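Have a look at the structure below, then the notes.
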Amino acid sequence: MFSKSVATGLYTNWDSFVDLNDSVLKWVKEGPKVRPKGMILKTMKEVLYTLDKALKEGGKEFLILEELYSKLNSILKDRRRALGGNGFHMGRALYELGLEPLVSYP
């Protein structure tokens, strides 16, 4: 009988890379901003605040409302997508613990 220890990641997200051009930078710099009240971004003003802060200090992960995500997709159309985020880090941690990760992806 064959036996092997494995673990699987049930969720892997896509990391999006937005090419910063003059119009995106202008939009981020000039748009109205509001500091987020929690870990879920609910308004475009909160998004602009986090993007502006990320340009200065580095990024941070937030949850985002689906309709806001759709709005951002229509604004930031030109982007590259790559597997990564939580799935990569979880898979690496499992591997380092001696388990063979089986990671699913969209």
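A short reminder: the numbers here are calculations on the coordinates, not readings from a lab. None of these values were measured; they are calculated from a predicted model. All Cβ positions, glycine included, derive from the backbone under ideal geometry; neighbour counts span all protein chains shown.
Here are some notes:
- With a simple spin-label model that places each label point 7 Å from the Cα along the Cα-to-Cβ direction, the separation between L25 and D52 comes to 1.6 nm.
- Calculated Rg and Dmax of the range 20-77 using C-alpha coordinates, Å: 10.8, 30
- Note on the range 20-77: dipole from Cβ charges, positive end direction compared against P32, L48, L65; the farthest Cα belongs to P32.
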